[in-house]
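The values are calculated or read from the model by the stated rules, or taken from the named source; none is laboratory data. Keep in mind that what you see is a predicted model, and the values were worked out from it rather than measured. Quick reminder, even Gly has a Cβ in these numbers, built from the backbone with ideal geometry, and neighbours come from all protein chains shown. When the accessible area is computed, the model is the full protein with side chains, heavy atoms only, and any ligands, DNA or RNA have been set aside. Shrake-Rupley method; radii C 1.70, N 1.55, O 1.52, S 1.80 Å.
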Amino acid sequence: MESRRTLSRVIEAPQAMEGEGVPIRRAFPSHEFSQLDPFLLFDHFGGVTLKPGEAKGFPDHPHRGFETVTYMLAGEFEHRDSFGHHGVLKAGDVQWMTAGSGLVHSETPARSMVENGGRLEGFQIWVNLPKRDKMKAPRYQELNGSNIRTAHSADGKAEVKVIAGSALGVQGGVETHIPIQYLHVRLKAGATFTQDLPATLNGMVYVFEGAVTVEGRKVGKYHVGEISTNGDTVEFAALEDADFLLIAAQPIKEPVARYGPFVMNTAAELQQAFNDYREGKMGTISV
Ligand code: FE
């Protein structure tokens, strides 16, 4: 018999500034919520309309040992890295970047956004890599918004963009190192949506429009709900028209040594990452 998972806690994501001054809501890490293995960080950035000259980004910085996943809702970000990779992320697009052994990259608003202003909004999450995959060569998986598969419920009141994993029989397009679900769910007021979520997966919901309940407990706008570890499905009911991300993955259960842009298993590996970066082994960006 299937049993429903509940919420073990609900927390409002604190506001902060990142990079050169990008407003964010950081669901975690915070002093209340450190991480949700294997997820290391969850940022909802922007959600604001910028004036000309106001758009700021994230200048050159390194990463090693994990993945950064960026999902744009509005605006345009341009990215380049120390291996010559360059591209533009537009509204609806996803970039799943495996930093692996390391690279240096920049993430900045596209020139047109800087010049004209406009709405900027999206998500960046950091996903840890198992020890066996931390030193893999860097890799990008880029999904154009129009290629992201979307599932619809029979009554048409639930729409799910399946970025990774599967929902309502639709499979996402990203290859992951461990089982991961990354779903953008849109519900009409009064709709319900049930997702298979085996107890082997840690999960969370982040609401960015409207409000939902899980087994009677409310998750409002800008709140993160951690899903309990018992049961095998989770059901969401929309109190009003709602948009949320449902993110779940199999925990890695390995020691985490993290500092700034590096996430390794031991302090010695962290030191090695700093040394390699300082010695230019992760490269530099030439524009
Ligand atoms: Fe980055």
I'm trying to understand the selection: among the residues of region 106-121, which are more than 16 Å from the ligand (Cβ to nearest atom) and open to solvent by 40 Å² or more (accessible area, probe 1.4 Å)? Arg111, Ser112, Val114, Glu115, Asn116, Arg119
Among the listed residues Gly102, Gly57, which satisfies the condition of being surrounded by 19 or more Cβ atoms within 10 Å (Cβ to Cβ), at pLDDT below 90 and within 13 Å of the ligand (Cβ to nearest atom)? Gly57
Do we have any residue at all in region 5-15 that's under 19 Å from the mean Cα position of the chain (by Cα), closer than 20 Å to Arg217 by Cα and of a type in the set (Gly, Ala, Ser)? yes
Sort out which residues of region 239-264 are more than 24 Å from Glu18 (Cα to Cα), under 17 Å from the mean Cα position of the chain (by Cα) and part of a strand (DSSP E or B), and write them in order of number. Ala248, Ala249
Total residues in region 122-145, condition more than 16 Å from the ligand (Cβ to nearest atom) and open to solvent by 20 Å² or more (accessible area, probe 1.4 Å): 8
Determine which member of the set Ala242, Ala267 is of a type in the set (A, V, I, L, M) and either loosely packed, with under 15 Cβ neighbours inside 10 Å or under 18 Å from Thr98 (Cα atoms) (or both). Ala267
Strands (runs of 3 or more DSSP E) within region 120-237 that include 1 or more residues more than 27 Å from Ser30 (Cα to Cα): 139-143, 149-152, 158-164, 180-187, 192-196
Take the conditions in contact with a Ser or Thr (Cβ under 9 Å, 6 or more places away or on another chain), farther than 17 Å from Thr68 by Cα and among the hydroxyl-bearing types (Ser, Thr, Tyr) and apply them to Ser30. Does it pass? no
What tally of residues in region 29-47 results from selecting those that are closer than 29 Å to Arg119 by Cα and either of a type in the set (Gly, Ala, Ser) or surrounded by 20 or more Cβ atoms within 10 Å (Cβ to Cβ) (or both)? 9
